[in-house]
Amino acid sequence: MGPADYNRKRATVDKAVALLVRLGGIGVVLAVFFIAAFLVMEAAPLAAGPAVASRGVLVEAGRALAAGVEPFAEASWSLRQDGHLQLRDLRDGELIEDRELFRLREDERVAAVRVAADQGSLAIATTAGRLAAAPLGFVVDYGDELERSHRLEGTAPRWLIEEGAGPLSAFDHQVDGPTVWAVAAAADGAVELIRGKLKIDKLSGEERISFRKLVLEPQGEVRDLALLESGAFVAGFADGSVRAWQASRDFKALEERGAGAPGAPILQIRALIGSGSALVARDDGSVERWMLKLQESGHPVLGQAAAMPERLPGLRGVVPSSRQRLFFALGQDEVWIGQATAGEYLARIPLPARVRGLAVAPREDHLLLLAEDGSLELRAIDLGFPAVTAHTLFGKVLYEGAAEPAWTWQSTGGTDAYEPKTSFVPLILGTLKGTFWALLPSIPLALLGALFTARFLRGRAREIVKPAVELLAGIPSVILGFVAALYLAPAIQDRMLSIMLLPIALVLVTVALASVWARLPLRKRRILHEGLAPFVLAGVYFGIAWAVIGAGPWIEQTLFGTSLRMWLPEGLGLPFEQRNAAVVGLAMGFTVTPLIFTLAEDAFRNVPETLAEASQALGATPWQTAVRVIVPPAMPGVVAAVMLGLGRAVGETMIVLMATGNTPITGMNLFQGFRALSANLAVELPEAPHGGSLYRTLFLSALMLFAFTFVINTLAEVVRVRGRKAL
């Protein structure tokens with residue numbers, strides 16, 4: 001093969017390799033953009049607001065006091081003034097069942113109906129002042145072709161007030177298993193709290209309800225009532241004030257639980273699902289959420305938790321959701337969908353002017369509109385993810401059971417009435433906290449080590465140190481997390497002060513030895529080369545470290561009279577946890593330090609040697625040359641190394657997951673744990689229902705983490721390339 005043939009073959013191979021490298025680079029870029037697009041696609045539905053179909057199924061049902069739909073939204077129920085509960089097929093409008101719930105007396109009619117927040121029961125008040133609680137249930141039958149048919153569940157109503165003195169001005173009820181709660185206000189303003197317990201005779205199967213009642217003397221004209229939890233109720237008065245009472249533990253007295261200042265006249269009060277808070281709608285179109293707030297001591301006190309930002313003209317009432325802290329506010333010709341916890345409206349849906357009321361399907365996939373002429377219209381609705389808003393993700397929110405607004409991440413609960421808390425702030429602060437405490441010791445150690453290795457070590461020593469440090473980067477992070485959690489955390493909990501004092505002790509010893517070395521005659525200093533001094537002094541440093549760490553318990557006892565982990569909570573009020581940020585910082589240093597060291601060492605060595613030689617030729621010492629001549633041109637590479645280390649620390653998962661308590665808190669206490677975005681994804685995502693609110697919220701957090709690391713790594717690469725060109 002001649003030279004010409006060899007050159008052509010080599011050129012062909014070079015072009016093929018260059019094309020392959022180019023295609024590989026394009027593939028990497030496409031893969032990154034594909035990941036970003038996938039994350040955006042999964043998180044984007046969170047931004048979509050609720051939507052209601054413009055048209056629906058229209059059924060003639062006759063005028064009723066209350067109406068709703070069964071869970072499959074295939075049949076509607078309606079309660080009439082004569083006490084008849086009807087079930088009608090929404091597919092063809094046919095009447096399925098007409099049941100008389102109870103027999104009314106002569107000249108007695110049903111005056112008002114109240115649907116429970118969970119849509120499982122009805123409270124029915126008559127014109128004679130009687131009050132009954134009727135279970136609302138449905139039975140589904142499946143035919144040969146799996147066609148569903150529906151019928152009412154046959155359970156008799158329970159009378160809570162059998163003899164009334166006159167029409168009730170307001171009432172509400174709750175059914176909690178065998179216990180029935182009710183509160184009713186008479187026309188004179190007297191309020192009666194009723195607790196009924198169902199007992200079943202085991203021999204005969206006969207049901208019997210025993211009642212206990214408490215009476216509140218008239219406090220003013222009651223406009224509406226709402227039952228909360230454990231015998232607590234909220235009352236709205238004609239002057240616009242809101243007050244709360246609760247039955248004592250022995251159910252012998254009503255104890256006041258706070259009051260709100262008078263305001264616009266009360267239109268309605270409706271309990272939200274969960275029984276911890278209630279919506280207060282006023283005649284001026286404002287809607288507020290009130291709840292019993294926890295106190296540092298004593299009983300909870302009624303307080304306003306949130307207020308909607310807008311006043312709705314022509315507000316006629318509010319309908320709470322049966323599944324979440326959502327409500328529907330019915331205006332003159334529109335319905336507003338509001339998020340009660342966040343205190344904001346999510347959507348505004350125009351409605352026909354003939355609509356006088358509405359009901360929400362138990363599964364919240366349909367909206368039932370009640371017209372003035374008695375017709376019913378069923379419209380499909382897609383609420384999206386109303387519990388996830390910008391305010392709940394990044395703002396302080398007052399949740400039920402809390403005393404003050406806070407950033408809270410608690411995605412799961414024990415009951416269906418639980419409200420997910422998905423604030424990103426504790427996770428973001430936890431990520432920054434872990435990154436800060438990991439980089440605080442890693443940056444100076446890695447940069448000084450890189451400078452020493454690049455400019456002071458000579459010969460074979462340099463070729464040994466750098467690969468040895470780089471070898472640390474190959475240790476799997478899960479191994480480091482395992483060692484940190486099971487060995488490091490318990491080992492240093494009683495030596496935390498000595499661990500903090502160790503760097504100071506080593507620096508002081510180094511300064512002292514350097515001062516002594518500088519005063520030695522030149523002929524004695526030539527015995528040991530400067531680059532080999534640290535290897536000789538390694539034994540000295542090891543001995544000092546062993547002594548300081550070993551004396552840790554004694555130092556703590558001498559200074560505090562007890563261990564540091566016991567003194568911090570007692571003396572300073574700072575919590576101390578075994579798995580804390582200090583443990584994470586030490587463990588994560590084994591992953592971050594080698595990365596920063598390698599890149600910074602390359603940056604220092606890439607500075608032309610002629611600059612160092614010229615500096616030393618002019619009389620500068622090696623240290624002066626390193627600091628004033630080598631470091632400035634290498635600074636872009638050093639900055640890039642630190643930024644890449646930052647990106648590595650932000651994305652670390654296993655060490656953070658295993659070496660901390662994994663608690664989403666907002667404090668920056670070194671001695672407490674935290675939860676980072678990456679660790680939260682590892683914990684929550686495997687258990688999150690696919691396509692659900694938590695699932696998409698986690699993908700949004702993953703998108704945030706991806707964007708942050710992508711920007712950091714891109715900036716680091718730009719700085720590095722520009723710095724190299726400058727050289």
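Points worth noting:
- Cross-chain or 6+ apart pairs with Cβ under 6 Å, the range 307-334 first and closer than 23 Å to ILE273 by Cβ, then in a strand (DSSP E or B) and of a type in the set (Asp, Glu): ALA307/GLU288
- Single match in ALA278, ALA342 (criterion: in the same structural domain as TYR399 (by TED's automatic domain parsing), surrounded by 21 or more Cβ atoms within 10 Å (Cβ to Cβ) and under 23 Å from ALA116 (Cβ atoms)): ALA278
- Hits in the range 211-258 - residues which are under 30 Å from GLY285 (Cβ atoms), surrounded by 16 or more Cβ atoms within 10 Å (Cβ to Cβ) and either small (Gly, Ala, Ser) or free of Cβ contacts under 8 Å to residues at least 24 places away in the same chain (or both): ALA226, ALA232, ALA235, GLY236, GLY240, SER241, ALA244, GLY258
- Residue under evaluation PHE394, criteria (1) surrounded by fewer than 22 Cβ atoms within 10 Å (Cβ to Cβ); (2) hydrophobic (A, V, I, L, M, F, W, C); (3) in contact (Cβ under 8 Å) with a residue 40 or more places away in the chain, criterion not met: (3)
- For the range 395-411, residues that are hydroxyl-bearing (Ser, Thr, Tyr) and not in a loop (DSSP other than H, G, I, E, B) total 0.
- Just one of the listed residues (LEU90, LEU95, LEU104) is surrounded by 21 or more Cβ atoms within 10 Å (Cβ to Cβ), assigned by TED's automatic domain parsing to the domain that holds GLN174 and touching a strand residue (DSSP E or B) at 6+ places or on another chain (Cβ under 7 Å), and it is LEU90.
- Of the residues making up the range 397-421, those that are modelled with pLDDT of 85 or more, surrounded by fewer than 22 Cβ atoms within 10 Å (Cβ to Cβ) and farther than 24 Å from ARG579 by Cβ are LEU398, TYR399, GLU404, PRO405, PRO420.
- Matching residues in the range 573-602 - criterion: being in a helix (DSSP H, G or I) and of a type in the set (A, V, I, L, M): ALA581, ALA582, VAL583, VAL584, LEU586, ALA587, MET588, VAL592, LEU595, ILE596, LEU599, ALA600
- In the range 1-60, of all residues being within 30 Å of ALA361 (Cβ to Cβ) and over 29 Å from the mean Cα position of the chain (by Cα), the one that is modelled with the highest pLDDT corresponds to ALA53.
- Which listed residue, of ALA134, ALA165, ALA170, is assigned to a loop (DSSP other than H, G, I, E, B) and among the small types (Gly, Ala, Ser): ALA165
- Among residues of the range 431-458 that are in the same structural domain as MET658 (by TED's automatic domain parsing) and touching a residue at least 60 places away in the same chain (Cβ under 8 Å), those with a beta-carbon under 7 Å from a residue that is basic (Lys, Arg) and surrounded by fewer than 20 Cβ atoms within 10 Å (Cβ to Cβ) at least six positions away or on a different chain give the pairs THR453/ARG462; ALA454/ARG605.
- When ARG158, ARG208, ARG148 are checked against the criterion of being buried (at least 16 other Cβ atoms within 10 Å of the Cβ) and at pLDDT below 85, a single residue qualifies: ARG158.
- Spans of helices (runs of 4 or more DSSP H) in the range 604-719 with at least 2 residues closer than 30 Å to ALA489 by Cβ and either touching a Ser or Thr at 6+ places or on another chain (Cβ under 8 Å) or modelled with pLDDT under 85 (or both): 631-651, 654-659, 677-684
- On inspection, ARG8 passes the criterion of being assigned to a helix (DSSP H, G or I), of a type in the set (D, E, K, R) and surrounded by 11 or more Cβ atoms within 10 Å (Cβ to Cβ).
- Of all residues in the range 699-714, those that are more than 26 Å from PRO636 (Cα to Cα) have Cβ atoms under 8 Å from Cβ atoms of residues that are acidic (Asp, Glu) and in a helix (DSSP H, G or I), 6 or more apart or on another chain, in PHE699/GLU42.
- Whichever residue in the range 520-541 is within 58 Å of the chain's Cα centre (by Cα) and of a type in the set (Val, Ile, Thr) and, among such residues, is modelled with the highest pLDDT: VAL540
- Residue that is part of a helix (DSSP H, G or I) and over 15 Å from the mean Cα position of the chain (by Cα), where the choices are LEU451, LEU429: LEU451
- With respect to (1) touching an Asp or Glu at 6+ places or on another chain (Cβ under 7 Å); (2) small (Gly, Ala, Ser); (3) farther than 30 Å from LEU564 by Cα, the lone exception for GLY673 is condition (3).
- When residues in the range 110-129 are screened for being modelled with pLDDT under 90 and charged (D, E, K, R), 1 of them pass.
- Test result for ALA342, within 17 Å of TRP290 (Cβ to Cβ) and modelled with pLDDT of 90 or more: no
- When ASP92 is tested against the conditions (1) assigned to a helix (DSSP H, G or I); (2) free of Cβ contacts under 8 Å to residues at least 12 places away in the same chain; (3) of a type in the set (D, E, K, R), the lone failure is (1).
- Wholly enclosed strands (runs of 3 or more DSSP E) of the range 193-255 bearing at least 1 residues in the same structural domain as ALA278 (by TED's automatic domain parsing) and charged (D, E, K, R): 207-216, 222-227, 242-247
- Of the helices (runs of 4 or more DSSP H) lying entirely inside the range 468-528, those containing at least 1 residues that are surrounded by 12 or more Cβ atoms within 10 Å (Cβ to Cβ) and among the aromatic types (Phe, Trp, Tyr) span 477-483, 496-519.
- The set of residues in the range 583-625 that are of a type in the set (Gly, Ala, Ser) and surrounded by fewer than 21 Cβ atoms within 10 Å (Cβ to Cβ) comprises ALA612, ALA614, SER615, ALA617, GLY619, ALA620.
The values are calculated or read from the model by the stated rules, or taken from the named source; none is laboratory data. Note that this is a predicted model, so its numbers are computed, not measured. Ideal geometry is used to build each Cβ from the backbone, glycine not excepted, and the neighbour counts take in all protein chains shown.
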